[in-house]
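The values are calculated or read from the model by the stated rules, or taken from the named source; none is laboratory data. These figures come from a predicted structure and were not determined experimentally. Methodologically, a virtual Cβ is constructed for each residue, glycine included, from the backbone with ideal geometry; neighbour enumeration extends over all protein chains shown.
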Amino acid sequence: MLCSKCGLALRGGDEAALFICPACGLAHEPGDRGLEAFLPLTAAITTELAVAGPVQYLAVWRLVVSVETPGESAWERIRKAAQPGTAYLYVPAFSLLRPVVQRLGVSLVESQPALELVPGLPENVPPRPALVGAAADRGAGDGAQAADAAPDFGPFSPVVVSREDARVLAHFVYLAVESHEVHDLHSVDYRLEPTSEDLVFIPAAWDPRYIHESSWRLLLREFDDLVA
């Protein structure tokens with residue numbers, strides 16, 4: 001598959017839901033008329049703390065949703081706190097693992113980061129240092145080390161969650177957010193309707209110490225209080 005703009009081979013894999021052009025940054029999404037191209041967004045690094053290790057960019061769907069609940073809810077609290085801005089639901093798009101989708105999705109929804117966005121992918125992102133790559137290779141043969149090895153997808157993550165799947169998973173993330181304040185999820189009565197979504201690449205650094213964030217440290221100022 002080739003980029004509709006520059007004609008270069010698109011980047012993806014067997015599980016890819018979208019394909020990214022490494023040259024111009026266009027995302028290509030399968031549709032009824034073939035591949036439909038659009039420009040994703042990239043969030044700037046806003047952390048005020050030092051970063052250890054290479055920076056990688058994680059694909060995340062940021063959704064605008066309409067939510068109706070019969071009373072007070074965690075989402076209503078988040079929505080009011082975000083005013084006069086928009087409260088977003090976030091669905092990680094780089095992994096199909098349930099803990100990753102839930103933990104990072106909930107963390108982003110509850111923090112509602114003020115993202116500084118630019119269209120496309122950032123330029124001049126340095127490759128992963130050879131030392132990191134060597135450590136990951138060594139970890140592949142050792143169970144304990146493999147668990148701590150950084151993902152080898154390079155500076156930009158794959159996109160394995162489609163737009164349609166993100167709209168479905170929005171319900172999963174929403175209920176996970178509500179479960180922090182509602183003990184009996186069977187009693188949750190709500191209506192959620194996604195109205196629009198953006199594909200955003202969020203800067204992060206792999207660090208196995210961040211177990212509650214699925215070993216990812218998001219390089220945003222809203223997450224600086226998690227750094228020891």
The one condition in (1) within 21 Å of ARG167 (Cα to Cα); (2) within 17 Å of the chain's Cα centre (by Cα) that GLY12 fails to fulfil: (1)
Subset tally (residues that are surrounded by fewer than 16 Cβ atoms within 10 Å (Cβ to Cβ), free of Cβ contacts under 8 Å to residues at least 24 places away in the same chain and assigned to a loop (DSSP other than H, G, I, E, B)) for the stretch 1-21: 4
In the stretch 204-228, how many residues are in contact with a strand residue (DSSP E or B) (Cβ under 9 Å, 6 or more places away or on another chain) and farther than 20 Å from ALA93 by Cα? 3
Residue pairs within 7 Å by beta carbon, gap of at least six or interchain, first lying in the stretch 158-171 and part of a loop (DSSP other than H, G, I, E, B), second of a type in the set (Ser, Thr, Tyr), listed first then second, are VAL160/SER95
Which one is surrounded by the fewest Cβ atoms within 10 Å (Cβ to Cβ), of the residues in the stretch 23-37 that are of a type outside the set (A, V, I, L, M) and in contact with a Leu (Cβ under 7 Å, 6 or more places away or on another chain)? GLU29
Of these, LEU115, LEU96, LEU121, which one is within 30 Å of ALA74 (Cβ to Cβ), in a loop (DSSP other than H, G, I, E, B) and modelled with pLDDT under 95? LEU96
Just name the residue that is nearest to GLU29 (Cα to Cα) out of those in the stretch 195-216 that are among the charged types (D, E, K, R) and modelled with pLDDT under 95. GLU213
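Here is a yes/no grid of residues against (1) among the hydroxyl-bearing types (Ser, Thr, Tyr); (2) under 18 Å from PRO194 (Cα atoms); (3) within 14 Å of the chain's Cα centre (by Cα):
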| site | (1), (2), (3) |
| --- | --- |
| LEU41 | no, no, yes |
| VAL51 | no, no, no |
| PRO54 | no, no, no |
| ARG62 | no, yes, yes |
| VAL65 | no, yes, no |
| GLU72 | no, no, no |
| GLY85 | no, yes, no |
| VAL91 | no, yes, yes |
Any residue in the stretch 199-223 that's over 20 Å from PRO119 (Cα atoms): show its pairings with residues that are at pLDDT below 90 and part of a helix (DSSP H, G or I) at Cβ separation under 6 Å, as long as the two are six or more apart or on different chains. PRO208/ASP148
Just checking, does the stretch 43-64 include any residue being charged (D, E, K, R) and either part of a loop (DSSP other than H, G, I, E, B) or surrounded by 13 or more Cβ atoms within 10 Å (Cβ to Cβ) (or both)? yes
